[in-house]
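The values are calculated or read from the model by the stated rules, or taken from the named source; none is laboratory data. Computed from a predicted structure; not experimentally measured. Note that each Cβ is placed from the backbone with ideal geometry, even for glycine, and that neighbours are counted across all protein chains shown. SASA here: full protein model, heavy atoms, side chains in, ligands and nucleic acids out. Shrake-Rupley method; radii C 1.70, N 1.55, O 1.52, S 1.80 Å.
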Amino acid sequence: MSYDTNNVFAKILRGELPAHKVYETDSVLAFMDIMPRIDGHTLVIPKAPACDLLDIQPAQLGDLIKAVQTVARGVKTAMKADGLTIQQFNGAAAGQIVFHIHFHILPRRSGISLRPHTGEMEKPEVLARHAEAIREALAS
């Protein structure tokens, strides 16, 4: 599969679509999932074009996974989570929908299940509030 430069994450990286950003470096971007399965659901993507885990260059993957760890700490703190689910899908058969490699960070609390993926978008003010809390946690 060749990389589609018009996928939604490529458009976010180019500033063509908005995103509630929580973390950014020269090589990665983390932002709130607009259809969260749980409050605080955050996505981490590389700025380099890569479809999936098998497509990304090792050095870029290294930067990406370091960012996942950093952002995960901030999400866990900000959302007062007991734990984290980290997800990464490769290919349509595995559940990948956007073909730009990305990691999902889902804060988890005992007894609270993930919401189903319904395609329903969260209110922008809720995403903004969660993004601010995560940015604050990352800054401390």
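How many Å² of accessible area per residue for region 94-140, probe 1.4 Å? Heavy-atom SASA per residue in region 94-140 reads 59 Å². For region 46-60, backbone phi angles converted through the Karplus equation (6.51, -1.76, 1.60; θ = phi - 60°) give residue-by-residue couplings of x, 7, 6, x, 7, 6, 7, 4, 7, 9, 7, 6, x, 5, 5 Hz, Gly and Pro being listed as x. A cut-off under 14 angstrom between Cβ atoms defines the neighbours of M1, and their net charge, with Lys, Arg +1 and Asp, Glu -1, is -3.
Taking the Cα of R115, stepping 7 Å toward and past its beta carbon, and measuring to each backbone N in region 4-42: which are under 13 Å? In region 4-42, the label zone of R115 (backbone N under 13 Å from the point 7 Å along Cα→Cβ) covers 33-42.
The long axis of helix 124-139 is offset from the longest Cα principal axis of the chain by roughly 90 degrees.
Taking max minus min of the alpha-carbon positions on each principal axis, the chain gives extents of 39, 33, 27 Å, largest first. With contacts taken as Cα pairs under 8 Å and at least 6 residues apart, the chain reaches a relative contact order of 31 percent.
Close Lys pairs in the chain, defined as Cα atoms under 16 Å apart and 8 or more places apart or on different chains, number 6. Computed in the context of the full set of protein chains, the accessible area of the chain at 1.4 Å probe radius has 54% of its extent on carbon or sulfur.
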